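Here, each number is a calculation from the coordinates, and none is a lab measurement. No experiment lies behind these values; they were computed from the predicted model shown. FYI the Cβ positions are ideal-geometry reconstructions off the backbone, even for glycines, and counts take in every protein chain you see.
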Amino acid sequence: MSNVNKKAFAKKALTGAVLLATSPAWGKGPTGGGDTVGKSQLGVNHLSMEIAPGAYASVCADQDALNGKTGSNIMPNTMSVAINPFDTPYVELVFQVRDILAQNKDHVLFLLYSPQKTPSPSLPTPKSLYKLQLDMSALEILAIYDIPAQQMIPQPPTRIGAANPAPHSTASFGVNLDTTILPTFMRDNEKVYLQAALLKKADFDAQNYSASILSDLDTLSFVEMTCPEKHASVSIGLDPESGRIEDAAGEPVDPGTMTVTDTDGNVTKTTMTGSAEANATVHFGVGKGGGR
């Protein structure tokens, strides 16, 4: 099944699952009532999703957002994306879903988006610490990927120890944003709500979406040109002061340059070989940094 057909199939099946979840049967079946899990186990009962800038984008966060990061996240859960849609050929965000445990069964990974969130879970997911907070009536699937079964080959003992037999992997992928629609998001101050979901391929084929484990909710808004004052930011391929792909002197900004600015305005620049590699190593924090 192609990814396009798979998206359509999944969207239809997810909608049907929500109709079941909102029916009087909620709470009466084996997935209802006790819709809770125990202690936090990253990769077992929840995922960690990071959102970072790709080419020609900046992500920004204020002090409250930086203080509100969940324990497993490097990047904040609430950020704004600063772009210049009139001077940028395209805009990319990079999504990294971390701590996917190697397992002996095929899985399917979703990146889900909705312009609205709901005050109560949209779907019973008893295996997941985090619940689906997206409004299903407007939900779209930005990405859907097959995660093949993985397991370590048996290894002999060594003098210094042995590897964990269930290694964690990261799925990293870029999403190109539509620069023709982003000005509407800016004008109307619209927000984007995102979550990642992982479930076994067998459950996907059976449309058993309640077996998913999910990431925490991430919230994005869009601002034009540059990040607001007193915001920490990370940019790739953009001048952070002008929001242009040229700096103030008119010189082109290298798409492989990552610029990190803390809330005090201190700037550090690093040349990377690619946006995905840069995002994997960025520390999005607060405090005194290097100078220009």
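How far apart, in nm, are the 7 Å Cα→Cβ label points at residue 241 and residue 264?
Label at residue 241, label at residue 264, 2.0 nm between them.
Quick check on my link table: of 117/191; 127/201; 39/127; 191/269, which ones sit more than 19 Å apart, alpha carbon to alpha carbon?
With Cα atoms farther than 19 Å apart: 191/269.
Mind jotting down the distance between the C-alpha centroids of the stretch 100-176 and the stretch 229-253, whole Å?
With the stretch 229-253 and the stretch 100-176 each reduced to a Cα centre, they are spaced 33 Å.
How much FRET efficiency would the formula 1/(1 + (r/R0)^6) give for residue 170 and residue 127, where r is the Cβ-Cβ distance and R0 is 25 Å, rounded to 0.05?
0.75
If R₀ is 35 angstrom, what is the calculated FRET efficiency for the pair residue 178 and residue 229, using the beta carbon separation as r and rounding to 0.05?
Using R0 = 35 Å, I get an efficiency of 0.80.
Less than 20 Å apart at the alpha-carbon level, and either on another chain or at least 8 residues along: which aspartates and glutamates does that give for residue 230?
Here the aspartates and glutamates satisfying the reach criterion relative to residue 230 are 62, 64, 239, 241, 262, 264.
Length gain on complete extension for the stretch residue 102 to residue 254, per 0.36 nm per residue less the alpha carbon to alpha carbon distance?
Length gained between residue 102 and residue 254: 51.1 nm.
With labels modelled as points extended 7 Å from the Cα through the Cβ direction, what inter-label distance (nm, one decimal) is found for residue 120 paired with residue 207?
The two pseudo-label positions are separated by 2.4 nm.
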